[in-house]
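These notes are about the structure you will find just below.
The values are calculated or read from the model by the stated rules, or taken from the named source; none is laboratory data. What you see is a predicted model; the values in this text were computed from it and never measured. Cβ atoms come from the backbone with ideal geometry, glycine included; neighbour counts cover every protein chain shown. Calculation scope for accessible area: heavy atoms of the full protein, side chains included, ligands and nucleic acids excluded. Shrake-Rupley method; radii C 1.70, N 1.55, O 1.52, S 1.80 Å.
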Amino acid sequence: MRIAMIGTGYVGLVSGACMADFGHDVVCVDKDAAKIAALQRGQLPVYEPGLHDLVASNVKQGRLEFATSLEEAVRTADVVFIAVGTPSRRGDGHADLSYVYDAAREIAAAIEGFTAVITKSTVPVGTGDEIERIIREVRPDADFVVVSNPEFLREGAAIHDFKHPDRIVVGTQDERAKQVVAEVYRPLSLNQAPILYTSRRTAELTKYAANAFLATKITFINEIADLCEKVGADVQEVARGIGLDNRIGGKFLHAGPGFGGSCFPKDVRALIKTAQDHEVSLRIIEAVATVNDTRKRAMARKVSAIFSGALRGKSIGVLGLTFKPNTDDMREAPAIALITALQDMGARVRAFDPAGMNQARSLLKNVTYCADAYDCADGADALVIATEWEQFRALDLERLRDLMACPVVVDLRNIYRPHDMSRLGFAYACVGRPAKVSGLVENVSLNELMSPPRERASNEEVA
Ligand SMILES: NC(=O)c1ccc[n+]([C@@H]2O[C@H](COP(=O)([O-])OP(=O)(O)OC[C@H]3O[C@@H](n4cnc5c(N)ncnc54)[C@H](O)[C@@H]3O)[C@@H](O)[C@H]2O)c1
């Protein structure tokens, strides 16, 4: 099959590369000429584990190409996927559909022969109807069908998710379109991935409902974590205790600094707007959006509380900047609100991320970007773990402590055990678990923690 993938961002590139790997001929199109030129040189615009090799091998075997010309790719394609961005519209939080509709107009002008136009972008209910109207308006003669096929992959595990989906949702009632989609995903049906055929509107809403539900689960456990802190319970044990119930499930029950990323925040906002347009109030989802928005910045107060609110002039190291590990995506990352709030409180911020530093530099100013976790800890009054990258899970804690001006760790991802941290002499705060931070600060005064520790002297000798 010849496939044109319009939009070569995260979703377009991963989907295009995986479809090429299934054996289809895929042209990934993007209007960003620099991105396409880089891809043609073998440079990827995003960091995603395994993607570089997947792209390289399919390019080498002649099944995957990159182009800026939508016209040529669409003219020769059996299937056209729309995978352009649908960010929040500035000002009102609706999904900005201008990229989708522009792409639809361009596709319309180029269609030849029967073509399935399949929307992979996350779009509000009714967008497929509008795409159909646009194409019909531009090309009354065209033989086409518009299908919704939302994508559920997760950044950081995108290739696995694409190749082992829990389900493939296909919104169409057109028999020819069903055959086309079945052919695209045939290798997956051999793995028995269920294809769920629905109406187009149902498919569109299913994607938003899925993301809103997952965002709700995260927000639920975050609020339970807040209560745990007040009553002396452990949120990780609560999460396990409820997650083992099959009706609840253990995933998305990790308490932390709030959800971010390119999808959940914008999709939650867009779903609320869609509901408002239809005079339905989604009060649970509205609460999720509000709670999550305030939470990210509130994490800075966890840090300032340790210093009794006096953060001015303090050096705070932040480990992890991306919204989750294994991606370089900084879109709506909790670290952005956290760092901005720390700076507003007068702190000086040092930061390190294994993949997100380039993206971060354009978003976060007046930050000292460090070479690694230890450089980030060097001279810091506190270290905040904002993203749970694998390499932060097994840090040499004694070395870290010795480098710091004051051994304070605020672990927003609960990757260390409070007991271990206090045994090593850290004042340690985490999310929703009993920790010794107040006890330590009471028993050993913060001044004592901050006085040049002997370990620091020995470390400087080594350095
Ligand atoms: N990122 C994810 O994890 C994820 C997961 C599931 C669904 N989605 C959805 O998929 C869609 C794409 O997301 P993304 O993260 O890949 O976006 P992205 O911003 O990374 O990429 C979109 C690309 O589309 C290109 N583009 C825009 N208009 C174009 C046009 N007319 N012709 C050619 N190219 C055009 C842009 O230049 C950009 O490179 C969104 O609707 C998103 O909600 C994303």
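Checking the conditions here, which among V169, V181 is of a type in the set (A, V, I, L, M, F, W, C) and away from the ligand (no atom under 13 Å from the Cβ)? Before you say what the answer is, go through the steps one by one.
Values: V169 fails: away from the ligand (no atom under 13 Å from the Cβ).
After ruling out the rest, the residue left standing is V181.
Confirm whether I135 is under 16 Å from M5 (Cα atoms) and part of a helix (DSSP H, G or I). When the stated conditions are applied, I135 does not pass them.
Pick from L227, L319, L311: which is closer than 20 Å to A429 by Cβ, of a type in the set (A, V, I, L, M, F, W, C) and open to solvent by 30 Å² or more (accessible area, probe 1.4 Å)? The conditions single out L227.
Scanning segment 92-108 for residues that are in contact with a helix residue (DSSP H, G or I) (Cβ under 6 Å, 6 or more places away or on another chain) and small (G, A, S) returns G93, A95, A104, A108. No other residue among F152, F144 is open to solvent by 10 Å² or more (accessible area, probe 1.4 Å), more than 15 Å from the ligand (Cβ to nearest atom) and aromatic (F, W, Y) apart from F144.
Tell me the strands (runs of 3 or more DSSP E) entirely within segment 10-85 that contain at least 3 residues that are modelled with pLDDT of 95 or more and surrounded by 24 or more Cβ atoms within 10 Å (Cβ to Cβ).
Values: elements: 25-29, 64-67, 79-82.
Qualifying strands (runs of 3 or more DSSP E): 25-29, 79-82.
With the structure loaded, tell me whether R240 is modelled with pLDDT of 95 or more and either surrounded by 20 or more Cβ atoms within 10 Å (Cβ to Cβ) or closer than 22 Å to D411 by Cα (or both) or whether it fails that test. Yes.
Just for helices (runs of 4 or more DSSP H) wholly inside segment 333-431: which have at least 2 residues that are farther than 19 Å from P257 by Cβ?
Numbers: elements: 334-344, 357-363, 373-377, 397-403, 418-423.
Where helices (runs of 4 or more DSSP H) fall fully within segment 333-431 and carry at least 2 residues being farther than 19 Å from P257 by Cβ, they are 357-363, 373-377, 397-403, 418-423.
Reported count of residues in segment 299-333, each being aliphatic (A, V, I, L, M) and under 13 Å from M357 (Cα atoms), is 5.
Scan segment 243-262 and tell me whether some residue there is within 16 Å of the ligand (Cβ to nearest atom), assigned to a helix (DSSP H, G or I), more than 29 Å from A380 (Cα to Cα) and free of Cβ contacts under 8 Å to residues at least 40 places away in the same chain. Taking every residue of segment 243-262 in turn, none turns out to be within 16 Å of the ligand (Cβ to nearest atom), assigned to a helix (DSSP H, G or I), more than 29 Å from A380 (Cα to Cα) and free of Cβ contacts under 8 Å to residues at least 40 places away in the same chain. With respect to (1) open to solvent by 70 Å² or more (accessible area, probe 1.4 Å); (2) touching a helix residue (DSSP H, G or I) at 6+ places or on another chain (Cβ under 8 Å); (3) within 16 Å of the ligand (Cβ to nearest atom); (4) not charged (D, E, K, R), the lone exception for F213 is condition (2).
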